[in-house]
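The values are calculated or read from the model by the stated rules, or taken from the named source; none is laboratory data. Since this is a predicted model, take the numbers as computed values, not measurements. For neighbour counting, all protein chains shown are included, and Cβ atoms are generated from backbone atoms with ideal geometry for every residue, glycine included.
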Amino acid sequence: MTVYGTLDDPTAAISLQVTDDTGDTNVIAGVVERDGHFWIQNVPLAGTTDVLTLTVQDVLTNTATMSLTVYPANDAGLTMDPVPGDLWCSASDTASMFLPAKKMLLPRRAS
């Protein structure tokens with residue numbers, strides 16, 4: 001899976017922490033382009049309940065975090081909880097645009 005979005009500060013650093021239901025944690029650094037677009041590739045989902053924590057830090061070490069929980073679903077794939085309204089902004093006025101406010105289906109990983 002790839003996580004992508006836009007930051008209003010292209011000098012910021014971004015990372016994603018993925019924690020599965022057994023407590024195993026992976027931290028993946030993201031790439032931020034000069035225009036603020038970012039992406040984090042090869043996000044490992046365990047196929048169980050995973051908590052994704054996106055962390056952004058600017059050059060003054062101000063930090064913002066946002067967490068989402070991904071739950072396994074039936075054979076259709078994985079479903080993701082909607083982003084709460086107070087965390088969701090359009091790309092034009094946000095520090096980090098992450099996922100739409102509606103549920104998403106993600107394809108099931110091949111075994």
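Whenever a residue of the stretch 47-61 is touching a residue at least 40 places away in the same chain (Cβ under 8 Å) and within 7 Å of residue 14 (Cα to Cα), its partners that are of a type outside the set (A, V, I, L, M) and outside any loop (DSSP other than H, G, I, E, B), lying with C-beta atoms within less than 6 angstrom and at least six residues away or across chains, give the pairs 55/15; 55/65; 57/63.
For (1) at pLDDT below 90; (2) within 17 Å of residue 20 (Cβ to Cβ), each residue gets a yes or a no:
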{"position": "31", "(1), (2)": "no, no"}
{"position": "34", "(1), (2)": "no, no"}
{"position": "42", "(1), (2)": "no, yes"}
{"position": "46", "(1), (2)": "yes, yes"}
{"position": "52", "(1), (2)": "no, yes"}
{"position": "66", "(1), (2)": "no, no"}
{"position": "80", "(1), (2)": "yes, yes"}
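Can you tell me which residue is surrounded by the fewest Cβ atoms within 10 Å (Cβ to Cβ) among those in the stretch 1-52 that are in a strand (DSSP E or B) and of a type in the set (Gly, Ala, Ser)? Within the stretch 1-52, the match that is surrounded by the fewest Cβ atoms within 10 Å (Cβ to Cβ) is 29.
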